[in-house]
1. The conditions are (1) under 14 Å from the mean Cα position of the chain (by Cα); (2) under 21 Å from Gly248 (Cα atoms), and Val39 fails exactly one of them. Which is it?
2. Which one of Leu272, Leu314, Leu308, Leu289 is outside any loop (DSSP other than H, G, I, E, B), in the same structural domain as Thr97 (by TED's automatic domain parsing), at pLDDT below 95 and out of contact with any His (no Cβ under 8 Å at 6 or more places or on another chain)?
3. Working only within region 343-359, note down all residues that are crowded, with 16+ Cβ neighbours inside 10 Å and either touching a Cys at 6+ places or on another chain (Cβ under 9 Å) or not hydroxyl-bearing (Ser, Thr, Tyr) (or both).
4. Of all strands (runs of 3 or more DSSP E) completely enclosed by region 1-96, which ones contain at least 1 residues that are more than 22 Å from Tyr207 (Cβ to Cβ) and out of contact with any helix residue (DSSP H, G or I) (no Cβ under 9 Å at 6 or more places or on another chain)?
5. Take the conditions in contact (Cβ under 8 Å) with a residue 12 or more places away in the chain, over 27 Å from the mean Cα position of the chain (by Cα) and either surrounded by fewer than 19 Cβ atoms within 10 Å (Cβ to Cβ) or closer than 25 Å to Asn36 by Cβ (or both) and apply them to Arg284. Does it pass?
6. Which members of region 195-225 meet the condition of being free of Cβ contacts under 8 Å to residues at least 40 places away in the same chain and either surrounded by fewer than 13 Cβ atoms within 10 Å (Cβ to Cβ) or of a type in the set (Lys, Arg) (or both)?
7. Inspect all residues belonging to region 193-200 and state whether any of them is within 19 Å of the chain's Cα centre (by Cα) and under 30 Å from Met329 (Cβ atoms).
8. Look through region 131-161, keep the residues that are buried (at least 21 other Cβ atoms within 10 Å of the Cβ) and β-branched (Val, Ile, Thr), and return whichever of them is farthest from Gly335 (Cα to Cα).
Amino acid sequence: MKKVKIGGLVLLSLIIVVEITLRLCCYEKLRKWKGNEYVKDEKLGYRYRANYEGYFINVAYKNKYKVNSSGFIWDEFIEKKESGMFRILLLGNSDDTGINSDGFDCYPRLLQKKFKENGDNIEIMNLSLDGATRAIRELNFAYECATKYNPDMILINARYPITDRVHAKSTYRGVSIISHHYHESLKETEAFIDSVLDNTTATSLAYDYSYIFRYICKVYLERPNYPLSTFLRKHILKNRRVIEILSGRLIGHLEAKPGGMYHKDYTKEESLEIYLEASDSLERMNAKLVLFNKYIYPINNKELKPYLKNYWPLNVKFKPEYSFGKYDMHSSQKGHKAIFEMFYRKLYTDEIVPEKYFSEKSKNEIRNIEKELQTN
């Protein structure tokens with residue numbers, strides 16, 4: 001009996017030590033997530049809640065952001081273009097919004113600052129949204145933007161071949177919901193969220209007060225093939241969505257089912273044809289479509305560039321410090337700075353923006369950079 005008591009005290013002491021250690025050393029990695037505030041949009045599927053100010057929080061970073069009245073994370077848009085100004089519209093994904101980073105200075109923001117500081121007659125308007133499978137909707141949205149904002153150029157991340165998924169996102173009680181057009185209605189999903197948040201259970205108490213349990217949940221959500229995750233899924237944490245709600249993660253209407261949402265994969269030939277048609281259509285609207293990639297994508301360089309005159313690879317050489325590794329592959333502030341430096345220089349040297357829109361200060365800076373690169 002004495003050995004049992006001693007064993008119990010040792011086990012309790014070990015649990016307390018591990019709990020304290022996790023709270024001291026892993027607070028950032030085990031904190032609750034906080035997603036974006038979404039509203040439904042007929043054309044894009046969703047936008048951010050207009051005029052919303054908040055924090056995007058996950059295990060890798062915490063970033064404050066502000067949404068303008070149009071539902072995008074940028075300054076207020078001025079529809080009428082200033083005379084003599086070259087206007088660039090960016091229709092990007094989560095990495096381009098800048099909120100998925102460890103600071104405010106994403107590469108579009110750095111570009112904007114540089115244009116203003118150097119006196120360039122160039123402006124950038126960022127209409128990016130998170131989500132990487134919206135190429136078709138982005139192209140359709142580009143036509144509306146060409147009419148509304150009169151841009152000289154529209155930048156879109158090159159997805160090749162194109163994968164198109166139709167879905168919407170919304171936010172209810174701080175929980176982000178992705179709608180896959182399953183059989184469960186949005187009201188039923190919201191009722192399920194109510195049932196989780198309004199009822200105190202052993203699971204909710206454990207998540208609120210035990211960082212050991214949070215660590216177990218983190219493994220369960222992020223490493224589904226681990227033996228521990230398999231065991232938990234079968235015997236203890238059978239409803240994954242409960243853990244997603246408690247941790248603040250994005251949840252779906254229902255567990256994924258084959259054919260549950262619209263999903264179409266286009267062939268390379270079809271994708272190229274879609275891009276060419278969009279490029280021609282926008283050109284007739286006096287807007288130049290430029291597809292680009294930030295980091296090196298060999299397949300795009302090899303297969304897109306020979307056939308698409310307006311494909312523009314930045315070809316930034318990726319380094320581990322440019323992202324958050326296994327936690328998150330979005331660009332860090334170091335990554336955004338590297339993209340910005342390449343972006344700004346190539347806007348001029350690749351003649352993406354006509355020379356007349358650059359100030360003499362910028363021209364001299366870029367020429368000096370080019371000389372240094374050639375020397376090295």
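The values are calculated or read from the model by the stated rules, or taken from the named source; none is laboratory data. Nothing here was measured: the structure is a model prediction, and the numbers come from that model. Please note: Cβ atoms are built from the backbone with ideal geometry, for glycine as well, and neighbour counts cover all protein chains shown.
1. Of (1) under 14 Å from the mean Cα position of the chain (by Cα); (2) under 21 Å from Gly248 (Cα atoms), only one is false for Val39: (1).
2. It is Leu314.
3. Restricting attention to region 343-359, the residues satisfying the condition of being crowded, with 16+ Cβ neighbours inside 10 Å are 343-348, 352-353, 357-358.
Phe343, Arg345, Lys346, Leu347, Ile352, Val353, Phe358, listed by residue number.
4. By residue number, 38-41, 45-48, 53-57, 62-66.
5. In short, no.
6. Once the filter is applied, which keeps residues that are free of Cβ contacts under 8 Å to residues at least 40 places away in the same chain and either surrounded by fewer than 13 Cβ atoms within 10 Å (Cβ to Cβ) or of a type in the set (Lys, Arg) (or both), region 195-225 yields Ser195, Asp198, Asn199, Thr200, Thr201, Ala202, Leu205, Asp208, Tyr209, Arg223, Pro224, Asn225.
7. Within region 193-200, none of the residues are within 19 Å of the chain's Cα centre (by Cα) and under 30 Å from Met329 (Cβ atoms).
8. Ile154
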